[in-house]
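**Q** To start, I am sharing the structure in question, which I have written as structure tokens.
Since every read-out is calculated from the coordinates, none of them should be taken as a lab result. The structure presented is a predicted model; accordingly, all values stated were derived computationally and were not measured. Heads up, the Cβs are rebuilt from the backbone with ideal geometry, glycines too, and the neighbour counts pull from every protein chain shown.
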Amino acid sequence: MPEQDTLVRSLDERFRTVNTEITEILERAVNGKRELSAEERLKVDGLSTERAQIKDQADEVTRHHQLLEETRKVLDELGALPSENMRGLSLAQEFAANLRAVAAGKSTETELRARITAPGSRVRALGVDVTGGGRELVPVDFAAILIRKLTESLGIFKAGVTTITTSRDKWTAPRVITDPTAVWVEENTTIGGTAPTFDTKSIELHKAGILLQVANELLNDDATDLLTYLAEAIANALQRAVGSAMVSGNGTGKPFGIVGRVTTGVTGAGNAATAEELLALKYSVAEHFANAPDAAWLVNRTYLGQLRALKDASGRFLYNPAVTVTQPDVFDGNPLYSDSNVAAPAAGAKSVLFGDFSGYYQLTGNAISFARSDEFAFDKDQATFRGLVRVGGDLVIPDSVKAFQGKAA
């Protein structure tokens, strides 16, 4: 799409400009053999925030394009492509137009369901019951929007957690606790060695939901694209709930978050980690986890500006910013991701995570739903919209990820 390509190029140019400005400030400090001044640090923090926002915007443009192409491909196979008068509309606009045409005044409840799949894989089309008309196809846009938000918009998912779709309320799998060992043996002697030991890990799924009520007058106003807003609002609310739980959930009525399950690799002398402490954290993780292809760092976005100023013993910056908006930043050779649900540096806070995040398993029930009922609030002449998702999470492989923890208060 020409419009998308133009926007991505524009974002990429601004991204490079911001990178250059940050680098120039840091190099002036290095060449002058001094620390950043308060004004320079404030400038770097501001530019780092803008840089992260540009990356997010570019990611959203790319995701939107991919989702549009995937959805149209599925609808094409089903013979349910949008009509010609809808071509050129955004994906969200297509969703609103189709849902309004099917549901408004024709049914008491419309429910959309889609199987949760990994990013980039196919999402099946949905059916809705229409009074007197049997089942008709409608786009899967809401479900796909939520899937994308859950799996691509949160830093913990970008870091490479293992995602699984299940139809069960509890998922159980064996895991290795100790690896087998081999021994050297002489001729004609019994072969020794030790067998691996196993146990099982169970993860329960929990339900997150939201209920919204809207006056029918607003829904019937063609000038107000309210259904699009409702789909986005519900998806965003569920995203925030799931994202928070995946990082800091306590397992009571919600998933176990990764922060509460990882061990502390390094306790800092202060609230924020020094360069030496972050390197110590990296080397506190077992070699096979630290050297895994997807081993990564995860921090709060507000911490990125401080990380950019850290140098190793030779005076080289540990933080290497991405050259383009489609690449992750790198810290000491490993991808660096940010997630607002990770704690900012503070006394006793686990503010930096490092390791192989595939050891954390995130489970999603095999369907999410977006339902409308015209009967629930019939006496108020309101339509009720409900969004539901079932998720679970826990660290299945112990010590695959470790944390830096600030000095206790």
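**Q** Ignoring solvent entirely, what values of log10 I(q)/I(0) come out of the Debye formula for the range 311-409 at 0.20 Å⁻¹ when each Cα is a single scatterer?
**A** Treating every Cα as an identical point scatterer, log10 I(q)/I(0) equals -1.17.
**Q** Report for the range 155-218 the percent antiparallel among DSSP-assigned beta bridges with both residues inside it, nearest 5.
**A** If I count the DSSP bridges inside the range 155-218, around 100 percent turn out antiparallel.
**Q** If the viscosity is 1.306 mPa s and the temperature 10 °C, what Stokes-Einstein diffusion coefficient in µm²/s follows for the range 170-270 when Rh is the Kirkwood radius over Cα pairs? The partial results should precede the final answer.
**A** On the way: Rh = 19.3 Å.
Once the numbers are plugged in, D ends up at 82 µm²/s.
**Q** Return the distance in nm (one decimal) between the two label points of a simple spin-label model at Leu42 and Gln327, each offset 7 Å from Cα along Cα→Cβ.
**A** Modelled inter-label distance: 3.2 nm.
**Q** Still on this structure: Can you tell me the convex hull volume per residue for the range 191-332, based on C-alpha atoms, in Å³ to the nearest whole number? Write down the numbers at each step before the final one.
**A** Values: hull volume 35.4 nm³, N = 142.
Given the Cα convex hull of the range 191-332, per-residue volume reads 249 Å³.
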